[in-house]
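The next block holds one structure in the form of structure tokens; read it before the comments.
The values are calculated or read from the model by the stated rules, or taken from the named source; none is laboratory data. For clarity, every value in this text was computed on a predicted model and none was experimentally measured. Reconstructed Cβ throughout: ideal geometry from the backbone, glycine too, with neighbour counts over all protein chains shown.
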Amino acid sequence: MNKLIASIFGIGYIKGGGTIAAAVTSIIIYFLWKYPIWQHPLPFTLLGIAITLIGVYVGNKVEPFWGKDSYRVVIDEVAGMWVTMILAPANWHFLVAGFVLFRLFDIWKPLYIKRTEALPGGWGVMMDDVVAGIYANVVLQLIIFTGIIG
């Protein structure tokens, strides 16, 4: 069960699994936005925290089998994409921008993101993507504030 969750039901076994997991998360967010409760920051944020903590747990469980930060683990991309979209208006333009920003920060790993991979176990698996999501969120909030995309 831990491998199933860590790989998000097998997405992690597909080439480009991280990008696919972030895209699937974006689609899920888009459809959840149809319900007003998911446009409220509190439940959205709480679910992001829950996803992160579950990711830490399953990351700890699969690391002995798959090794440190295996490509098969893509729950970290789910958490990172989720963090990217906290406080973003329910607008597909922002969702696409958030997706692109998150993937750029996740792949590029600037500003000490890479260092978080050295954290032990599941924390090292999850935190680089969570921090990439935080950076992407900050940039997205600036885009929203300035009205560059609307």
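Here are the numbers for the structure shown:
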quantity: From the options 56, 73, residue that is within 21 Å of residue 5 (Cβ to Cβ), in a loop (DSSP other than H, G, I, E, B) and aliphatic (A, V, I, L, M); calculated: 73
quantity: Yes/no for residue 26 being crowded, with 19+ Cβ neighbours inside 10 Å, among the hydroxyl-bearing types (Ser, Thr, Tyr) and either over 11 Å from the mean Cα position of the chain (by Cα) or not in a loop (DSSP other than H, G, I, E, B) (or both); calculated: yes
quantity: Test: residue in the range 51-63 that is loosely packed, with under 15 Cβ neighbours inside 10 Å and among the basic types (Lys, Arg); calculated: no
quantity: One residue from 7, 70 being surrounded by 19 or more Cβ atoms within 10 Å (Cβ to Cβ), polar (S, T, N, Q) and either closer than 25 Å to residue 96 by Cβ or in contact with a helix residue (DSSP H, G or I) (Cβ under 8 Å, 6 or more places away or on another chain) (or both); calculated: 7
quantity: Criterion: touching a residue at least 60 places away in the same chain (Cβ under 8 Å) and within 15 Å of the chain's Cα centre (by Cα) - qualifying residue of 59, 133, 121; calculated: 59
quantity: Selected residue (criterion: farthest from residue 126 (Cα to Cα)) from residues of the range 29-53 that are aromatic (Phe, Trp, Tyr) and either part of a loop (DSSP other than H, G, I, E, B) or in contact with a strand residue (DSSP E or B) (Cβ under 8 Å, 6 or more places away or on another chain) (or both); calculated: 35
quantity: The range 76-107 - residue that is hydrophobic (A, V, I, L, M, F, W, C) and part of a loop (DSSP other than H, G, I, E, B) and, of those, surrounded by the most Cβ atoms within 10 Å (Cβ to Cβ); calculated: 85
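Residue-by-condition table, conditions (1) under 23 Å from residue 149 (Cα atoms); (2) modelled with pLDDT of 95 or more:
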site: 40; (1), (2): yes, no
site: 49; (1), (2): no, yes
site: 65; (1), (2): no, no
site: 70; (1), (2): no, no
site: 81; (1), (2): yes, yes
site: 84; (1), (2): yes, yes
site: 87; (1), (2): yes, yes
site: 100; (1), (2): yes, yes
site: 105; (1), (2): yes, yes
